[in-house]
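The values are calculated or read from the model by the stated rules, or taken from the named source; none is laboratory data. Because the structure is predicted, anything quoted here is derived from the model rather than measured. Cβ atoms come from the backbone with ideal geometry, glycine included; neighbour counts cover every protein chain shown. Side chains included, ligands, DNA and RNA excluded: accessible areas come from the protein's heavy atoms. Shrake-Rupley method; radii C 1.70, N 1.55, O 1.52, S 1.80 Å.
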Amino acid sequence: MTDRALSYKEVSAMLAQNMEPLARELLPAGRRAGAEWTAGSVAGEPGTRLAVHLHGAKAGVWKDFAENISGDALDLVAACMTGGSLPEAYRWACNYLGLTADTDIMVRRAEIKKHAEEAQKEQTEIEKKNRTSARKMWLSAQDRIMGTPVASYLLSRGIDLERFDHAPNALRFSPEHYCSEIKAPLPAMLAAITDLDGRIIALHQTWLSQHGGQWTKAQLACAKKVRGRFSGGCIRLRKGSAGTPLNKITPAETVAIGEGIETCLSVALACPELRILAAVSLSNLGAVRLPDSAKNVLILADRDDAPAAQKGLQKAIDLHMQAGRDVRVAKPPKGKDFNDAIR
């Protein structure tokens, strides 16, 4: 394998074909969590800040959410084994895969192509299934959340839904929502993640439990999860004083976009006139699809000085500005986010 060597991308694709054993080797103290392998960081300690996709077209794709670094399977080898050096990671991977000078490159490339096509087909089916189940779960949950553990949980976070003219329609309560971490149902707050046309594309899940007579997030390794692919979507929490659907927004209106449900509702208490959307994640903050008529965006940013967080915030600002919008940024006067501020 000298004059016709496989490319970095091809070797990465080969690594991804059998990702779970590789993830176990690179991140030995991590654990399986559904279709992902999770760990604390590229150092491989226990935790949930880093997640690696194990199957489908996204196999090998990983992200460290705390450091805001990501990549493919070969990048993970570099991060975990070779101090970030891709050439050294390439050599390590070739040895791991058993590639030698006698390897038939054309046969390998044909295998890579076939596997990629099969994985893409599988991924498409998985996304379709997840979207269907997300809609079914949300529609089967209770639409009236006042007086439920959802309202009690939000009140424990300083958010009194009684202060609004009505509870957010995007939120529902499921008394028995299956949790894969404990393989049993738990009460949960469910939030519909919708696209620009209002169609449910994914489901945000927050499992709840009682502690000391108070409803809080369940004591799980990961009490919040999203079912389905949500890039470009958002949780519509408030229509503001306009009261119109998102796709009917006028150029004069300001759209406030934050990350989490709790921080966005905290702002809604102080500024009920604002249209407020939750993007779910920092990486989606700038990707939320808005109509062309949206010209003013207020980003509800966390107070986080970490370089990765600052880079993610700047990327969100740039994306909205590239779409021809005026962008302002609001940060809480104290605490990490606006929910900390009101508490």
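Does Ile201 satisfy the condition of being aliphatic (A, V, I, L, M), touching a residue at least 12 places away in the same chain (Cβ under 8 Å), within 16 Å of Val327 (Cβ to Cβ) and open to solvent by less than 50 Å² (accessible area, probe 1.4 Å)? Considered against the rule, which asks whether it is aliphatic (A, V, I, L, M), touching a residue at least 12 places away in the same chain (Cβ under 8 Å), within 16 Å of Val327 (Cβ to Cβ) and open to solvent by less than 50 Å² (accessible area, probe 1.4 Å), Ile201 comes out as no.
Let's see how each residue does on (1) touching a residue at least 40 places away in the same chain (Cβ under 8 Å); (2) surrounded by fewer than 20 Cβ atoms within 10 Å (Cβ to Cβ); (3) of a type in the set (Gly, Ala, Ser):
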| position | (1), (2), (3) |
| --- | --- |
| Gly34 | yes, yes, yes |
| Thr38 | yes, no, no |
| Pro46 | no, yes, no |
| Ala51 | no, no, yes |
| Leu54 | no, no, no |
| Asn68 | yes, yes, no |
| Asp75 | yes, no, no |
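Within the range 97-125, residues that are within 14 Å of Gln17 (Cα to Cα) have Cβ atoms under 9 Å from residues that are open to solvent by 80 Å² or more (accessible area, probe 1.4 Å) in these pairs: Ala119/His55; Glu122/His55; Gln123/His55, counting only partners at least 6 apart in sequence or on another chain.
Is it the case, given these coordinates, that Asp104 is open to solvent by 40 Å² or more (accessible area, probe 1.4 Å) and farther than 21 Å from Ser283 by Cα? Spell out how you get there, then give the answer.
Values: open to solvent by 40 Å² or more (accessible area, probe 1.4 Å): yes; farther than 21 Å from Ser283 by Cα: yes.
Judged against the criteria, Asp104 is a match.
For the range 212-269, filtered to residues that are surrounded by fewer than 21 Cβ atoms within 10 Å (Cβ to Cβ), in contact with a strand residue (DSSP E or B) (Cβ under 6 Å, 6 or more places away or on another chain) and of a type in the set (Val, Ile, Thr), the residue that is nearest to Asp292 (Cα to Cα) is Thr254.
For the condition within 19 Å of the chain's Cα centre (by Cα), in contact (Cβ under 8 Å) with a residue 40 or more places away in the chain and surrounded by fewer than 22 Cβ atoms within 10 Å (Cβ to Cβ), what is the one hit in Lys315, Lys311, Lys295?
On the way: Lys315 fails: in contact (Cβ under 8 Å) with a residue 40 or more places away in the chain; Lys295 fails: within 19 Å of the chain's Cα centre (by Cα).
Exactly one of Lys315, Lys311, Lys295 is within 19 Å of the chain's Cα centre (by Cα), in contact (Cβ under 8 Å) with a residue 40 or more places away in the chain and surrounded by fewer than 22 Cβ atoms within 10 Å (Cβ to Cβ), namely Lys311.
In the range 107-128, the residue that is surrounded by the fewest Cβ atoms within 10 Å (Cβ to Cβ) out of those that are touching a helix residue (DSSP H, G or I) at 6+ places or on another chain (Cβ under 8 Å) and small (Gly, Ala, Ser) is Ala116.
So that you can scan it fast, the table gives a plain yes or no per residue for (1) part of a loop (DSSP other than H, G, I, E, B); (2) under 27 Å from Gln322 (Cα atoms):
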position: Gln219; (1), (2): yes, no
position: Arg229; (1), (2): yes, yes
position: Ile257; (1), (2): no, yes
position: Arg289; (1), (2): yes, yes
